[in-house]
1. Which pairs turn up if I take residues in the range 39-51 that are in contact (Cβ under 8 Å) with a residue 12 or more places away in the chain and look for partners that are in a helix (DSSP H, G or I) and within 8 Å of the ligand (Cβ to nearest atom) with beta carbon separation below 7 Å, at least 6 apart in sequence or on another chain?
2. I'd like the full set of residues that are assigned to a loop (DSSP other than H, G, I, E, B), at pLDDT 95 or above and exposed (fewer than 13 other Cβ atoms within 10 Å of the Cβ), limited to the range 1-37.
3. Please go through (1) farther than 14 Å from residue 16 by Cβ; (2) crowded, with 19+ Cβ neighbours inside 10 Å for residue 93 and return the number of the only condition it doesn't satisfy.
4. Restricting attention to the range 98-113, which residues are surrounded by fewer than 16 Cβ atoms within 10 Å (Cβ to Cβ) and over 15 Å from residue 23 (Cβ atoms)?
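The values are calculated or read from the model by the stated rules, or taken from the named source; none is laboratory data. Predicted, not measured: the structure shown is a model, and the values here were computed from it. Note that we place each Cβ from the backbone using ideal geometry, even for glycine, and neighbour counts take in every protein chain shown.
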Amino acid sequence: MSDVSVFNKLGGAPAVDAAVDIFYRKVLSDDRISHFFDSTDMEEQHNKQKAFLTMAFGGPNNYNGKDMREAHKHMQLTDTHFGAVAEALVSTLEELNVPKEDIDSVVEIALSVKDDVLNV
Ligand code: HEM
């Protein structure tokens, strides 16, 4: 990653807020994955994702949720599920006109937790 974090490049906390909101709308309208969130408190989840993405984008570290392996352990997630979430993330960033190289950095960060999320 360059000297300027993806977090700053995206526009800091307000941009992450906007990204998470759009991202979740996409996830919840995707039949491949929406059912995983049937009993999730989405407000709470938004806040966790904001904190997590802030950290993942290289911003101030205030994420203190469960680790990724622990959080997703009971869901038996597959490549398809992970791919659907990654697609939602990429199309969110495209919608926000984030440059391709920055989207690539974010995808790289997402892929770095893939094995933990899938518990492999
Ligand atoms: C880059 C990939 C992913 C990241 C960064 C991520 C991040 C997170 C975070 C931060 C939490 C909250 C953990 C906590 O409770 O403290 C969480 C929970 C959760 N994630 Fe993910 N996740 C990813 C992939 C996925 C995938 C592929 C699915 C399913 C399609 C998924 C479904 C869920 C669900 C259902 C919860 C629990 C919500 C609840 O508490 O009800 N996640 N995830």
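1. Between residues of the range 39-51 that are in contact (Cβ under 8 Å) with a residue 12 or more places away in the chain and residues that are in a helix (DSSP H, G or I) and within 8 Å of the ligand (Cβ to nearest atom), there is no close pair.
2. 29, 31, listed by residue number.
3. (1)
4. Within the range 98-113, 99, 100, 101, 104, 108, 111, 112 qualify.
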